[in-house]
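The values are calculated or read from the model by the stated rules, or taken from the named source; none is laboratory data. Computed from a prediction, not measured in an experiment: that's the story for all the values here. Ideal geometry is used to build each Cβ from the backbone, glycine not excepted, and the neighbour counts take in all protein chains shown. All accessible areas refer to the heavy atoms of the entire protein, side chains included, with ligands and DNA or RNA removed. Shrake-Rupley method; radii C 1.70, N 1.55, O 1.52, S 1.80 Å.
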Amino acid sequence: MPNTNGHYSQCISHNGFLFLSGQLPIENDTKTIPPSIEGQTNLVLSNIENILREAGSSKIDIIQVRIYISNIDLWDQVNDSYSLFFENHKPVRSIIPSGKLHFGSLLEIEVTAILNF
């Protein structure tokens, strides 16, 4: 599981659920952020999938997604990348326009998933 840069946990398991902290589009090894919203969305979703795998779950076990987006005009591009990632799986979702995000990120995604035993 990737290390955190603050006083929080990446993921906590409770009563059969996994609660992931909001994930920013930061490459774990290089600490860089892709320039495009599509690149950022794909990176965040990939990072989420990796955290879930480490915790014993997968993307098909995600039941809720919250997307914080710096500019609502980016919604269509985020939705396109999101749809490709999830394919036929459709967790409940909220997209929240938030204004500026940390490190100049264009989005932050947080999820809740079911823990596979």
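Computed quantities for the displayed model
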item: Heavy-atom accessible area ranking, 1.4 Å probe, most first, across 30, 112; result: 30, 112
item: Solvent-accessible surface (1.4 angstrom probe) belonging to residue 68, in square angstrom, nearest 10; result: 60
item: With at most 12 neighbouring Cβ atoms within 10 Å, loop trypsin sites (Lys or Arg not before Pro) (DSSP) excluded, longest segment of the chain; result: 32-99
item: Integer Hz, Karplus 6.51/-1.76/1.60 couplings in order for the range 86-97, x for Gly and Pro; result: 7, 6, 7, 6, 10, x, 5, 8, 10, 10, 10, x
item: Table column - 3J(HN,Hα) (Hz), the range 42-53, Karplus curve with 6.51, -1.76, 1.60, x for Gly and Pro; result: 4, 5, 4, 5, 5, 4, 4, 4, 5, 5, 4, 4
item: Accessible surface of the chain, 1.4 Å probe, proportion on carbon and sulfur as whole %; result: 51
item: Which of 80, 73, 61 is most accessible, then next, and so on - probe 1.4 Å; result: 73, 80, 61
item: Amide proton proximity set for residue 95, modelled H, under 5 Å, gap of 5+; result: 67
item: Residue-averaged [θ]222 nm for the chain, counting only DSSP H segments that reach four residues, each worth -39500 (n - 2.57); result: -8500 deg cm²/dmol
item: Calculated P(r) tail over 21 Å for the chain, as whole % of Cα pairs; result: 32
item: Average accessible area per residue (Å²) across the chain - probe 1.4 Å, nucleic acids and ligands excluded; result: 57
item: In Å, descending, principal axis extents of the Cα set of the range 62-104; result: 31, 18, 16
item: Karplus-derived 3J(HN,Hα), 6.51/-1.76/1.60, for each residue of the range 24-36, Hz, glycine and proline x; result: 8, x, 10, 5, 4, 7, 9, 6, 9, 10, x, x, 9
item: Long-range amide H partners of residue 62 with built H, under 5 Å; result: 114
